[in-house]
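Step one of this worksheet: look at the structure below.
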């Protein structure tokens, strides 16, 4: 079977930065470590007044196409995943295609376009759709452009405000990919939940405690389902585990549960038994409550072991470096985690060809997906071509007053004009409104 997966990836971060310990924490009267150590975040990215989900997605796609020498005729499908859409009929992919047609010869008139919505997991669902389209032989030799783009903003004063972020990830999906091949085996955990939702509103309604519980429960279900089709996962078989990252602190919880699961009935559990005992089994207890209490004690002990800490430092921590500096990108977050891990491997001079990534995606409402990816021999060139560090360094560092202005400017319920904080260059920008209330865009040289 021909390999299908991600051939290339590009990231476009919002052009503004909010320093959480230096700017946000003092305004909230909070200890900066609540954000840096508790949430695991240093900064958030925000869109300037001329940026939105279309400009960020189109800019990421433009850079990808230019770098890979792609033309519109090479692309038979454009899927945009977002939970920040501004139109209930016209998909964001049509706007993105219109932007790209301003700078490339040819058009996308024969490309299938769509928009995916299932909270943060929609980016992975779009990736799955593109791979399945190619495997079905319906692509006519063409690849697919998958874009995850969001402005993950919360209402002012909301508990989630510190986790905000904005940016886009563009991926080119093809046969014989240069970056990663996706497995055909997938596992799902899904249930009707109301942990996080936006019923005809811009800013989310969130039950924070419930959201964490649902995230972990659906991830566990997805891992069990994945193992039912792909076989048991052993920690030694996996190089990195990129998780959906609403904030790194959430991933710490998911990683702990995943590690406990995959070491059960392995030599790792046997070796740890001498130090902390074996994992509790439910059949050994008279009640569910007693079992849960025993499991909590075991987890507390497991977290402190050298075996777990070494695994976490090698397998999980490298996936979080970009997220710490940009916040939550909703549909793009798990795809940032993949890039972060491979960037660390490149910096460390680690050989990754044929190594496995186990990718854990999640969307509130709620669904999780686990699938495996095999790193391809062109991965180094693809990751080396990224300019993420340069983008992060070039962001405008907002004052608190700047943040208040830009948040109001992107609030759909407010009519606020804000002067741009940065000067656009070689990028698409929002260019006002059309006669039917549509958003218009232009390319700035």
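Structural remarks
- Single condition residue 272 does not satisfy, out of (1) free of Cβ contacts under 8 Å to residues at least 60 places away in the same chain; (2) touching a strand residue (DSSP E or B) at 6+ places or on another chain (Cβ under 7 Å); (3) crowded, with 18+ Cβ neighbours inside 10 Å: (2)
- Condition check for residue 436: in contact with a helix residue (DSSP H, G or I) (Cβ under 6 Å, 6 or more places away or on another chain), without any contact (Cβ under 8 Å) to a residue 40 or more places away in the chain and in a loop (DSSP other than H, G, I, E, B): no
- Any hit, the range 203-215, residues being under 18 Å from the mean Cα position of the chain (by Cα), touching a residue at least 24 places away in the same chain (Cβ under 8 Å), crowded, with 18+ Cβ neighbours inside 10 Å and assigned to a strand (DSSP E or B): no
- Selection count, the range 384-424, where residues are under 30 Å from residue 341 (Cβ atoms) and more than 25 Å from the chain's Cα centre (by Cα): 1
- Some residue of the range 347-361 being surrounded by fewer than 17 Cβ atoms within 10 Å (Cβ to Cβ) and under 24 Å from residue 232 (Cα atoms): yes
- Applying the set (1) surrounded by 17 or more Cβ atoms within 10 Å (Cβ to Cβ); (2) within 27 Å of residue 386 (Cβ to Cβ); (3) free of Cβ contacts under 8 Å to residues at least 60 places away in the same chain to residue 105 leaves exactly one unmet item: (1).
- Annotation: residue 339 fulfils all but one of (1) without any contact (Cβ under 8 Å) to a residue 60 or more places away in the chain; (2) in a helix (DSSP H, G or I); the unmet one is (1).
- Neighbours by Cβ (under 8 Å, 6+ apart or cross-chain): first from the range 127-140, on the phi > 0 side of the Ramachandran plot; second surrounded by 15 or more Cβ atoms within 10 Å (Cβ to Cβ): 140/76
- Any hit, the range 368-381, residues being in contact with a helix residue (DSSP H, G or I) (Cβ under 9 Å, 6 or more places away or on another chain), over 30 Å from residue 162 (Cβ atoms), in a helix (DSSP H, G or I) and modelled with pLDDT of 95 or more: yes
- Here is the figure for the range 387-421: residues that are touching a helix residue (DSSP H, G or I) at 6+ places or on another chain (Cβ under 8 Å), farther than 19 Å from residue 13 by Cα and surrounded by 11 or more Cβ atoms within 10 Å (Cβ to Cβ) total 3.
- Test: residue in the range 254-268 that is more than 20 Å from residue 356 (Cα to Cα), assigned to a helix (DSSP H, G or I) and in contact with a helix residue (DSSP H, G or I) (Cβ under 6 Å, 6 or more places away or on another chain): no
- Only one of 346, 392 that is in a helix (DSSP H, G or I), touching a residue at least 24 places away in the same chain (Cβ under 8 Å) and closer than 17 Å to residue 151 by Cα: 392
- Selected residue (only one of 61, 122 is in contact with a helix residue (DSSP H, G or I) (Cβ under 8 Å, 6 or more places away or on another chain) and either within 30 Å of residue 35 (Cβ to Cβ) or surrounded by fewer than 22 Cβ atoms within 10 Å (Cβ to Cβ) (or both)): 122
- Scope the range 10-24; condition without any contact (Cβ under 8 Å) to a residue 40 or more places away in the chain and in contact with a helix residue (DSSP H, G or I) (Cβ under 6 Å, 6 or more places away or on another chain); matching residues: 21
- Of the criteria (1) farther than 27 Å from residue 63 by Cβ; (2) touching a residue at least 12 places away in the same chain (Cβ under 8 Å), which one residue 381 fails: (1)
- Sole exception among (1) surrounded by fewer than 19 Cβ atoms within 10 Å (Cβ to Cβ); (2) in contact with a strand residue (DSSP E or B) (Cβ under 9 Å, 6 or more places away or on another chain); (3) modelled with pLDDT under 95; (4) within 11 Å of residue 364 (Cα to Cα) for residue 190, by number: (3)
- Residue 56 vs. criteria within 28 Å of residue 371 (Cβ to Cβ) and surrounded by 23 or more Cβ atoms within 10 Å (Cβ to Cβ): yes
- Selection over the range 395-429 of residues that are farther than 19 Å from residue 42 by Cα and part of a loop (DSSP other than H, G, I, E, B) gives a count of 17.
- Unmet requirement for residue 41, which otherwise passes all of (1) touching a residue at least 60 places away in the same chain (Cβ under 8 Å); (2) in a helix (DSSP H, G or I); (3) crowded, with 19+ Cβ neighbours inside 10 Å: (2)
For (1) assigned to a helix (DSSP H, G or I); (2) out of contact with any strand residue (DSSP E or B) (no Cβ under 9 Å at 6 or more places or on another chain); (3) within 20 Å of residue 202 (Cα to Cα); (4) at pLDDT 95 or above, each residue gets a yes or a no:
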position	(1), (2), (3), (4)
1	no, no, no, no
51	no, no, yes, yes
61	yes, no, no, yes
67	yes, no, no, yes
73	yes, yes, no, yes
89	no, yes, yes, yes
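The values are calculated or read from the model by the stated rules, or taken from the named source; none is laboratory data. Remember, it's a predicted structure, so these values are computed and weren't measured experimentally. Positions of Cβ are backbone-derived with ideal geometry, glycine not excepted, and every protein chain shown enters the neighbour counts.
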